């Protein structure tokens, strides 16, 4: 009774096939997006003249960066098992707030930016608290916040300026200094890259680190993967979930600032309709819609794909309505790939 | 009774939910290196007893003794700190996460301060592999999602986790009920392994065929009361099964069915 043979020996388990290293690499959540990005890059590089030029590359990288920052934050939230539909409108709200504070009421630019960040975080906290306290799905809670922000953005802007945009940011003291941080251009290898590209890369790296190498990241995967188990093991579930909503709100503020300093004008409709694009980028990058699986790098690659297609279609002089159809196709394909990931992991239900 | 001094003991314990007497006058003890089985049909009071032992619900009469001293657990965390770990049926695992991340879930090892703290990944992988090895679970890869393991292996990882985090007594809630014959055998093997490592095991089950091979003593519950506590030497498996199933009732049923 005291001598027990191991149930499995190291070499001889007939149920386990030896996994080829390449196959193992292919199982990583971001691999599908990586391959798709390569294919799309190759296609537009060959078929259009402008795509590979320094100016062309800087354009699609800039385009990808704004979506990428949001997609990475949204991916982290989705891994935690939640959605944030207010993320798109938030990029408009924060820009409009800074515009209104400075051009209409003459507030100090930096103070206005800080205040806009605090307001964004407050909206994120309300989203998070409502989800955690009431158990209402975040899809519904943030859908409501989305419509509220959309209404406030449009009505508020009209009320203040009589127009549907806030202009004249260039005349605000400190705008040039702000532009260095949020709207500047940094030349790299002959590419005049907008500073947002570096924000995007930096944020992806930090988020990846948090997800894979910190306790907080472990908790996010656990909460999204099996909430009940996360609670049973003593993880601070509420705090972590609310923190994720603060994350998307803060990312919304960052993108709001990046677009504000880029063009010095904010349209009242900024960001509306983009919330689903962030989700699509995250899903194309390997995030499961049901939570508990995904990667920040994948979401960043999803955004890169989106940016390349968005500009590639322009360079190829196609009707840009094809973009939407293409996006839908990508999403469907990604969801099917992700489904097989779940099946492989033996997750039922 | 065996010679081992009991780690956890309950004497004449009772539990009343409002006007429902869920448990009355139950006594049981578990010492190091002992497997005590709590047997009973559905509704016999197994879960209630388990919850009292695990510190989930306070008892309403009798006393709980830890190392011979009377104690009242304030909650599951309290019981856990005292070395009483409970492995529930759903195991508190996250199927999509790697085995090693599950092993350390909620108790991750990290170094560094504040935002710069980072997980000690290599160390956690090594500990997981070593701890599972000590239980006789030989995994090829602790990076595989725990959902890819068989039901018995998952149960065993949960037991190994409880042991690693300082349990002296492990309470297992129906660890074999959802498993096939072979997988149940795997789990029983690990229960024996835990016993041999000097842990006290409380094995709650409704299956006498799983309890009998591994148990040292058996407490049979029926309708919230004890039908007796038996040493392995004092009872055979047929008698145990008969007792559990309500004895005479089952014989009557068998006769009725035969006639039909």
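The values are calculated or read from the model by the stated rules, or taken from the named source; none is laboratory data. Since the model is a prediction, treat every value here as computed from it, not as a measurement. Backbone-built Cβ (ideal geometry, glycine too); neighbour counts: all protein chains shown.
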Point to revise | Residue in region A:200-214 that is farthest from the other protein chains (Cβ to nearest Cβ), counting only those that are under 13 Å from residue A:258 (Cβ atoms) and touching a helix residue (DSSP H, G or I) at 6+ places or on another chain (Cβ under 6 Å) | key: A:200
Check your understanding: For region B:69-115, how many residues are out of contact with any strand residue (DSSP E or B) (no Cβ under 9 Å at 6 or more places or on another chain) and in contact (Cβ under 8 Å) with a residue 60 or more places away in the chain?
Key -> 4
Study note, to complete from the structure: Residue hits (region A:129-166; in a loop (DSSP other than H, G, I, E, B) and in contact with a strand residue (DSSP E or B) (Cβ under 8 Å, 6 or more places away or on another chain)) are A:164
Check your understanding: What number of residues in region A:251-298 are under 13 Å from the mean Cα position of the chain (by Cα), part of a helix (DSSP H, G or I) and over 16 Å from residue A:120 (Cα atoms)?
Key -> 12
**Study point:** Scan of region B:184-201 for residues that are under 16 Å from residue B:32 (Cα atoms), buried (at least 20 other Cβ atoms within 10 Å of the Cβ) and either in contact with a helix residue (DSSP H, G or I) (Cβ under 7 Å, 6 or more places away or on another chain) or within 11 Å of chain A (Cβ to nearest Cβ) (or both), ordered by number
**Key:** B:190, B:191, B:193, B:194, B:195, B:199, B:201
Check your understanding: Somewhere in region B:55-68, is a residue within 14 Å of chain A (Cβ to nearest Cβ), surrounded by fewer than 22 Cβ atoms within 10 Å (Cβ to Cβ) and either touching a strand residue (DSSP E or B) at 6+ places or on another chain (Cβ under 9 Å) or at negative phi (or both)?
Key -> yes
Exercise for review: With the condition kept exactly as written, say whether any residue in region A:28-44 is within 20 Å of residue A:331 (Cα to Cα), touching a helix residue (DSSP H, G or I) at 6+ places or on another chain (Cβ under 8 Å) and not in a helix (DSSP H, G or I).
Suggested key: yes
Exercise for review: Name the helices (runs of 4 or more DSSP H) wholly inside region B:73-183 in which the number of residues that are away from chain A (no Cβ under 11 Å) and in contact with a helix residue (DSSP H, G or I) (Cβ under 6 Å, 6 or more places away or on another chain) is 1 or more.
Suggested key: B:99-103, B:121-134, B:151-164
Point to revise | Lone qualifier among A:245, A:221 - being within 13 Å of chain B (Cβ to nearest Cβ), crowded, with 24+ Cβ neighbours inside 10 Å, assigned to a helix (DSSP H, G or I) and modelled with pLDDT of 95 or more | key: A:221
Point to revise | Where residue A:258 falls short, out of the listed (1) in contact (Cβ under 8 Å) with a residue 60 or more places away in the chain; (2) within 13 Å of another protein chain (Cβ to nearest Cβ) | key: (2)
